[in-house]
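The values are calculated or read from the model by the stated rules, or taken from the named source; none is laboratory data. Quick caveat: nothing in here was measured; it's all calculated off a predicted structure. Virtual Cβ from ideal backbone geometry, glycine too; neighbours counted across all protein chains shown. These area figures cover heavy atoms from the full protein model, side chains too; ligands, DNA and RNA do not enter into them. Shrake-Rupley method; radii C 1.70, N 1.55, O 1.52, S 1.80 Å.
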Amino acid sequence: MPAGEKSLTQVDELYGTWFIDYASYVILERAVPHMHDGLKPVQRRILHVLRELDDGRLHKVANIAGNATAYHPHGPVAIEDAIVQLGQKKLLLDTQGNWGNPLTADPAAASRYIEARLSDFAREVLFSPKITTWQLSYDGRRKEPVTLPVKFPLVLAQGVEGIAVGLACRILPHNFIELCDASIAALRGESFSLVPDFPSGGILDASDYQGGARGGRVRVRARIEIRDRTTLAITEIPYGATTVSVMDSILAANEKGKLKIARLDDNTARDIEILVRLPPGADPAQTLQALYAFTECEVSIAPNSCVIDENRPRFLAVEDLVRASAARTRDLLQRELEIQLDELQEKWHFSSLEKIFIEKRVYRLIEDCETWEAVLETIAEGLKPHLRGLQRAVTQEDIIRLTEIRIKRISKYNKFKADELLKSLENEIREVKRYLSSLTRCAIRHFRELRERFGPGRERRAEITSFERVVAARVVMASEKLYVNRADGFAGFALKKHEEVGPCSRLDDFIVFRPDGTMSVSRVDEKIFVGKNPIHIEIYSKDKARFYTMIYRDGTGGACLAKKFQVSGVTRDKVYDLTRGVKGTRVLFLAAHDSEDQTKFLVRLHFRLEGLRLRRLYVDFDFGGLTVKSRGAVGNIVTRKPVQRISRLRKR
């Protein structure tokens, strides 16, 4: 094998390895949330830093970002953006200052001017250091959580979007109260269903949501009120849109002639209010439908519920995420209760030892001991007669702790308080054991308490309903007129000095028939070439039945043929031949009709006079005897004689 070829193979393998490493890093460490806590790494590190800084007071975002750089291997600007996004969701952070407005696209103030701290909800559900699994930070100097022990389906409450290498994640936000109820239903083994909810409100059609799995889709509409005949008011906008993007889309649709407005007034302050002013004579109901059809007043969102589980991406439905979160919450509560039980039992054990050590005056036995070993042995022997009620064996560490009790504590020892302490510890131990024996009920109570404490003010914003898709062609306003310049062969709505064809919109198509027997369908435009001297042009609609009758000469000296046909299934700007395509073919007569009944009529064919000895110089032809065929049909022979002209007659 040539040396160069071998070198190319090695470079290919090298780049392949680098690409896989980069793709894995982006998926696992940047773009996709973890299933256990619903957080991306940067969000997890920010919350961990806030926990370290937490003293109940607000911290400057610049300081938070600076501390987070010790854990996150990126610059403070990216971290500050992530902090602002967390703060705007109004769930995990209490904020102060100008944090911007995602509904109006107003940016937040500089990081040195805004402050944040953990919310009460975050303190309640995010942290439990004793059951957290830790790992070294990227530089090995600190420890950070692998995942936070979150006891709530956080990823569904906040929603998340991320784009990785060959992978995208889009989990829509859901209602806080409904998530609590769904978690309770999951713990009980009951069925439930969830649909998204958006802080911007709007009208939601989730009939094709499919549980947030790939392939599903939701449609969201703005809430639009008809104030009067000249004013529409937009008071809620779709998720992901802003007042700026909505108004820009309305102005763009107006410029393209898809709807007509007089002006836009943005009165948005605390609440959204965009007033759409209509010109005189405009139909508010039709304009409302046009807003849904041509602007960001209606959007379609495709969810893609992807999370990291066991160090790889997984696609899970919303219901699966809720059930997994509820089960993990129960496990975390179990681990917390087990640790609490061990601590209570340990505290009860030492309090009992301390009671024996002081009340039985065991401490006096060590007065004559001369060595440390003798002290420990003496205390152990003095405790032996009184150890019957203890729940575990006395260790050397227990005895060492007894030697550390100060004389002041021994001198002020209160037997009544000691008994009360032991009694309260025993009550707490019984209560914790009772919780451990009914973990499901304990987890259900946890979610009920979250709903009661943090649910008020988080009621559903988006209205759930179903609505039909607005067909653009049905609501577009016919605000233009189509004109044709037959001599030069152009058609369009900008040719206002030429022959008018009829009203149209910029979304309409028009059909044109040419003298050589060809036909084409094109989109209405300012000016488009259609061929010189077209014999017929009109607005075309594939949903409207339209019949055509035609007589053409087949070639230079061929026979005259007649056909009756419809036009359907066409491709824009493609030229179709309605004849056999013989050179010299000419269309002698063509008429358009709204129904098949209108195609039953007579025409009179007048023959040329040169050198002909005819009794009659004309012949009548009845189209009523023809059947409707496809546009590609050749047609029936009318005459083989040369025709001078054709005129239409009333049927006798």
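Note that the range 487-642 presents 54 Å² accessible area per residue, ligands and nucleic acids not counted, probe 1.4 Å.
Projected onto their three principal axes, the Cα atoms of the chain cover extents of 157, 80, 48 Å, largest first.
The residues neighbouring K532, those whose beta-carbon lies less than 13 Å from its own, together hold a net charge of 0 under the Lys/Arg +1, Asp/Glu -1 convention. Computed over the range 194-298, the P(r) curve from all C-alpha pair distances, binned at 10 Å from the origin, holds 15, 46, 27, 11, 1 percent per bin.
The simple spin-label model puts a point 7 Å past each Cα toward its Cβ; for F467 and S193 those points are separated by 2.0 nm. Scanning residues 5 or more positions from T231 or on other chains, those with amide H under 5 Å from its amide H are L278, with H placed 1.01 Å from N in the peptide plane. Here the peptides 550-562, 573-585, 436-448, 287-299 are ranked by packing, the mean other Cβ count within 10 Å, and the order with the highest first is 287-299, 550-562, 436-448, 573-585.
Which pairs break 27 Å Cα to Cα here: K143/K423; K89/K256; K89/K151; K408/K433? Going by Cα-Cα distance, K143/K423; K89/K256; K408/K433 fall outside the 27 Å limit. What are the aspartates and glutamates whose alpha-carbon lies under 20 Å from the alpha-carbon of K347, with same-chain residues fewer than 8 places away excluded? List returned: E336, E338, E359, E397, D398, E404, D419, E420, E426, E428, E431.
Phi-derived couplings, Karplus 6.51 cos²θ - 1.76 cosθ + 1.60 at θ = phi - 60°, listed residue by residue for the range 231-240: 9, 10, 10, 9, 10, 9, 10, x, 4, x Hz, with x used for Gly and Pro. Computed packing ranks the peptides 337-350, 180-193 as 180-193, 337-350, most packed first, by mean other Cβ atoms within 10 Å. Of the GluC sites (Glu not before Pro) found in the range 404-507, the ones in coil according to DSSP and having at most 15 other Cβ atoms within 10 Å of their Cβ are E404, E459, E468.
The ratio of the alpha-carbon radius of gyration of the range 517-596 to the globular-protein estimate 2.2 N^0.38 Å is 1.14. Only lysines eight or more places from K563 in sequence, or on another chain, were considered; those with a Cα closer than 26 Å are K532, K542, K544, K574, K583, K600, K629, K641, K651. Between the beta carbons of S300 and S437, assuming R0 = 60 Å, the FRET efficiency works out to 0.75 to the nearest 0.05.
Computed 3J(HN,Hα) for the range 491-505, one whole-Hz value per residue from the Karplus formula 6.51 cos²θ - 1.76 cosθ + 1.60 where θ = phi - 60°, is 9, x, 8, 8, 8, 6, 8, 10, 5, 7, 8, x, x, 7, 10, glycine and proline marked x. Between V582 and D54, the contour length at 0.36 nm per residue exceeds the alpha carbon distance by 181.3 nm.
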